[in-house]
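Asker: Before anything else, here's the structure in question.
The values are calculated or read from the model by the stated rules, or taken from the named source; none is laboratory data. Values in this document were obtained by computation on a predicted structure and should not be read as measured data. Note: ideal-geometry Cβ built from the backbone for every residue, glycine included; neighbour counts use all protein chains shown. In case anyone asks, the SASA skips ligands and DNA or RNA and just uses the protein heavy atoms, side chains included. Shrake-Rupley method; radii C 1.70, N 1.55, O 1.52, S 1.80 Å.
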Amino acid sequence: AIGVGSAFEGWSPQEDNTVYCLLVPLKPPHAHTFQLEIGTVAQILGSKSRIRVEGTCTCTREQMVGDMQCFLHHAEAKLRTNKKPRLVHHLCTSSYLDVKKTARWFQNFVKSVWALVPQSCRYDMKVLPSSHSCKLQFTDYSGRTLTTEIMFGVQLGLPDIFLSSQATEAFDTPSTSWTLSYAVAEAKFFRLMARQSPHDTFHLSCLQLCTRILAGTGFSTYTLKTVVMHLLTTAPLAGWRRRDFHLRLDDIMWYLRSCLEKRCLNHFFFGNEKLPKEIILPPALQTAQPLNLLRHLEQDPAAHEQAMNDFKEL
């Protein structure tokens, strides 16, 4: 599992309700492969990527080792002798990996094996409702709780970008559609900044404070996070020390105001020439046109006016 999200990046938008997010990279079962149907960049952004699960030929192994029949060429015989549904039947819809079925299967699996885990004697575990992930709440003897969210992903050919089970805002997204996730790349970015920064750097405290100030407004946490990531690659890291705390807070707010006035905040991982070279992206994202996270303000004058009023209140 890969630790992602604010808790593993070193900050938290919520003071007393931190959720520890884990992304579990999925691998195909034996004698199967994942075929990623990602289409164009526009289709990827529209959560229209799918993962086809296909059988592969293992006849050569069957002839050399003889430990099992080739599933692809002996499927009918195996089905006649084994009436138990295969794992892929539990996880797929029409040969495509199904987000909701995968989450439900994993939730049931966790429930069935929790009693065998050593930590079960110290924590009560509860599986919280979720259609796209496995949310677990652990409670110890003193009543303290810890919440984790396990998401699932398939690597997009390169280590830093995944198709993930993360839920989207769209209501009509089929359960066989997977979402492009930058969570691993974002966690890697903040680790890079931590290694390159002076010991008293306060960029995470600035981000944490700003996101808590913005709680309850129309500004998303991701908007502020994107602002701070852009500033970290444009301003020297030495300028993020404790003594410059108020100056950097001003920079964040003025950068946000400038974006609101222009109705444009570019996504950090699309066509960003200042992206650290350690972040490995698919070529289609490297050469893509910048993606405006505030494009809804261009299309809705009333929403833009409300956003400017919210900023004045802040």
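Asker: Just need a number here: residues in the stretch 255-274 that are closer than 23 Å to Cys210 by Cα, in a loop (DSSP other than H, G, I, E, B) and open to solvent by less than 40 Å² (accessible area, probe 1.4 Å). Before the answer, list the steps.
Answerer: Of the stretch 255-274, the ones closer than 23 Å to Cys210 by Cα are 255-269.
Within this subset, residues satisfying the condition of being in a loop (DSSP other than H, G, I, E, B) are 263-265, 267-269.
Filter once more, keeping what is open to solvent by less than 40 Å² (accessible area, probe 1.4 Å): 265, 267-269.
Result for the stretch 255-274: 4.
Asker: Only one of Glu15, Glu37 is closer than 30 Å to Thr217 by Cα and either at pLDDT below 90 or touching a Cys at 6+ places or on another chain (Cβ under 9 Å) (or both). Can you tell me which? Write out each step before concluding.
Answerer: Working: Glu37 fails: closer than 30 Å to Thr217 by Cα.
After applying the criteria, what remains is Glu15.
Asker: With Lys225, Lys312 as the choices, which residue is open to solvent by 20 Å² or more (accessible area, probe 1.4 Å), among the basic types (Lys, Arg) and out of contact with any strand residue (DSSP E or B) (no Cβ under 8 Å at 6 or more places or on another chain)?
Answerer: Working: Lys225 fails: open to solvent by 20 Å² or more (accessible area, probe 1.4 Å).
Step by step, each of Lys225, Lys312 is checked, and only Lys312 is open to solvent by 20 Å² or more (accessible area, probe 1.4 Å), among the basic types (Lys, Arg) and out of contact with any strand residue (DSSP E or B) (no Cβ under 8 Å at 6 or more places or on another chain).
Asker: Output the residues belonging to the stretch 275-289 that are open to solvent by less than 90 Å² (accessible area, probe 1.4 Å), under 18 Å from Leu232 (Cα atoms) and not β-branched (Val, Ile, Thr).
Answerer: Selection gives Leu275, Pro276, Glu278.
Asker: Kindly establish whether Leu209 is farther than 23 Å from Pro283 by Cα, open to solvent by 40 Å² or more (accessible area, probe 1.4 Å), assigned by the TED database to the domain that holds Leu285 and not in a strand (DSSP E or B).
Answerer: Details: farther than 23 Å from Pro283 by Cα: yes; open to solvent by 40 Å² or more (accessible area, probe 1.4 Å): yes; assigned by the TED database to the domain that holds Leu285: yes; not in a strand (DSSP E or B): yes.
For Leu209, the condition - farther than 23 Å from Pro283 by Cα, open to solvent by 40 Å² or more (accessible area, probe 1.4 Å), assigned by the TED database to the domain that holds Leu285 and not in a strand (DSSP E or B) - is met.
Asker: Residue by residue through the stretch 88-127, note down the ones that are surrounded by fewer than 13 Cβ atoms within 10 Å (Cβ to Cβ) and within 23 Å of Ser181 (Cβ to Cβ).
Answerer: Matches in the stretch 88-127: Phe109 only.
Asker: Before we move on, is Ala194 outside any helix (DSSP H, G or I), open to solvent by 10 Å² or more (accessible area, probe 1.4 Å) and in contact with a helix residue (DSSP H, G or I) (Cβ under 9 Å, 6 or more places away or on another chain)?
Answerer: Values: outside any helix (DSSP H, G or I): no; open to solvent by 10 Å² or more (accessible area, probe 1.4 Å): yes; in contact with a helix residue (DSSP H, G or I) (Cβ under 9 Å, 6 or more places away or on another chain): yes.
So Ala194 fails the test.
Asker: On the given criteria, is Asn292 open to solvent by less than 30 Å² (accessible area, probe 1.4 Å), under 18 Å from Ser220 (Cβ atoms) and among the polar types (S, T, N, Q)?
Answerer: Details: open to solvent by less than 30 Å² (accessible area, probe 1.4 Å): yes; under 18 Å from Ser220 (Cβ atoms): yes; among the polar types (S, T, N, Q): yes.
The answer is yes for Asn292.
Asker: Still on this structure, I have one more. For the list (1) touching a residue at least 40 places away in the same chain (Cβ under 8 Å); (2) in a helix (DSSP H, G or I), I need the number of the one condition that Gly157 fails.
Answerer: Of (1) touching a residue at least 40 places away in the same chain (Cβ under 8 Å); (2) in a helix (DSSP H, G or I), only one is false for Gly157: (2).
Asker: Of all residues in the stretch 197-206, how many are surrounded by 16 or more Cβ atoms within 10 Å (Cβ to Cβ) and touching a Leu at 6+ places or on another chain (Cβ under 8 Å)? Break it down into steps so the answer makes sense when it comes.
Answerer: If we filter the stretch 197-206 for residues that are surrounded by 16 or more Cβ atoms within 10 Å (Cβ to Cβ), which is where we start, we get 197, 201-206.
Those left that are additionally touching a Leu at 6+ places or on another chain (Cβ under 8 Å): 197, 201, 203, 206.
Count: 4.
Asker: Also, I was wondering about something else. Residues in the stretch 106-142 that are part of a helix (DSSP H, G or I), within 30 Å of Ser175 (Cα to Cα) and of a type outside the set (Phe, Trp, Tyr): how many?
Answerer: 6
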